[in-house]
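The values are calculated or read from the model by the stated rules, or taken from the named source; none is laboratory data. Because the structure is predicted, anything quoted here is derived from the model rather than measured. When we count neighbours, we look across all protein chains shown, and the Cβ atoms used for this are built from the backbone with ideal geometry, even at glycine.
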Amino acid sequence: MDEELVRATIPRDLVEVLGVESQGRSKAETFTQAFLSNSMQQQQHHDVSSMLRHKAVILNYPKKERWSKRKTRRTKGLNARQKRAMKLFQVKPEHQRYELFLPLHGLWKQYITDLCSGLKPTSCPQFVQQKLLKADFHGAIITVVRSVCPSYVGTTGILIQEFRHVFKIITKEDKLKVIPKRNSVFSVELGGFTSFIYGSKFEQRSSERSAKKFKVKGTIDL
């Protein structure tokens with residue numbers, strides 16, 4: 001710091017405004033030395049006089065504490081074995097009643113109607129088919145029209161559960177049927193439109209199917 005700054009006096013016009021008076025040279029130097037000693041970072045090999053000769057004077061300042069990134073632990077869900085042990089997907093016998101799932105079927109019909117922008121006789125069948133490929137079929141009434149197992153053919157009911165490889169439907173006789181998707185063809189009728197589901201191409205969960213891009217191909221045989 002330049003010595004002239006230490007000897008500088010307060011202009012007379014500011015004395016009355018600030019309400020202070022200039023101190024003598026000795027008092028000013030003593031105050032400056034004490035202020036810098038308390039404000040500058042402590043240096044073991046430099047005293048205050050040598051530090052004043054530097055162009056830059058570093059004063060102490062509170063260091064900001066860096067917030068450590070907390071590692072957020074994601075809660076792990078149940079695996080397939082734990083879900084089976086807890087019987088999460090099992091429908092109790094007292095709940096295996098066709099009439100209990102009729103409201104679900106009504107919701108599904110409204111859902112498909114909204115998804116297809118209203119099912120009308122003038123609607124394009126290809127457009128409806130593309131929407132149904134990614135749709136959720138929980139609540140739909142499906143019928144097995146073809147299967148390598150003849151006992152499955154003709155089974156009709158409301159789809160209550162869909163897994164990767166099977167459909168679970170409840171029939172009008174209040175019976176729970178588990179129909180494998182592979183080597184089976186299902187039909188879904190709604191609003192005058194009849195769509196066929198080739199189970200071998202539907203071996204996915206409904207959530208995975210909604211994000212899949214289907215390629216237009218010809219029909220396939222069992």
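Residues checked against (1) under 23 Å from Thr113 (Cα atoms); (2) in contact with a Ser or Thr (Cβ under 7 Å, 6 or more places away or on another chain); (3) in a loop (DSSP other than H, G, I, E, B); (4) at pLDDT below 80:
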| position | (1), (2), (3), (4) |
| --- | --- |
| Ser187 | yes, yes, no, no |
| Thr194 | yes, yes, no, no |
| Ser200 | no, no, no, no |
| Glu203 | no, no, yes, no |
| Glu208 | yes, no, no, yes |
| Ala211 | yes, no, yes, yes |
| Phe214 | yes, no, yes, yes |
| Gly218 | no, no, yes, yes |
| Leu222 | no, no, yes, yes |
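Condition test on Leu88, is it surrounded by 11 or more Cβ atoms within 10 Å (Cβ to Cβ) and within 30 Å of Leu190 (Cβ to Cβ)?
It is false that Leu88 is surrounded by 11 or more Cβ atoms within 10 Å (Cβ to Cβ) and within 30 Å of Leu190 (Cβ to Cβ).
Among the numbered criteria (1) modelled with pLDDT under 90; (2) under 18 Å from Ser206 (Cβ atoms); (3) surrounded by fewer than 16 Cβ atoms within 10 Å (Cβ to Cβ), which single criterion is violated by Asp136?
For Asp136, the exception is condition (3).
Just one of (1) modelled with pLDDT under 90; (2) in a helix (DSSP H, G or I) trips up Pro121, so point out which.
The single condition Pro121 does not satisfy is (2).
Please find, within the stretch 178-212, the residue that is surrounded by the most Cβ atoms within 10 Å (Cβ to Cβ) out of those that are of a type in the set (A, V, I, L, M, F, W, C) and in contact with a strand residue (DSSP E or B) (Cβ under 8 Å, 6 or more places away or on another chain).
Phe186
Of all residues in the stretch 86-99 being free of Cβ contacts under 8 Å to residues at least 60 places away in the same chain and in a helix (DSSP H, G or I), which is farthest from Asp174 (Cα to Cα)?
Here the answer is Met86.
Let's see how each residue does on (1) surrounded by fewer than 14 Cβ atoms within 10 Å (Cβ to Cβ); (2) under 23 Å from Arg209 (Cα atoms); (3) modelled with pLDDT under 80:
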position	(1), (2), (3)
Lys71	yes, no, yes
Asn79	yes, yes, no
Ile112	no, yes, no
Ile141	no, yes, no
Phe163	no, yes, no
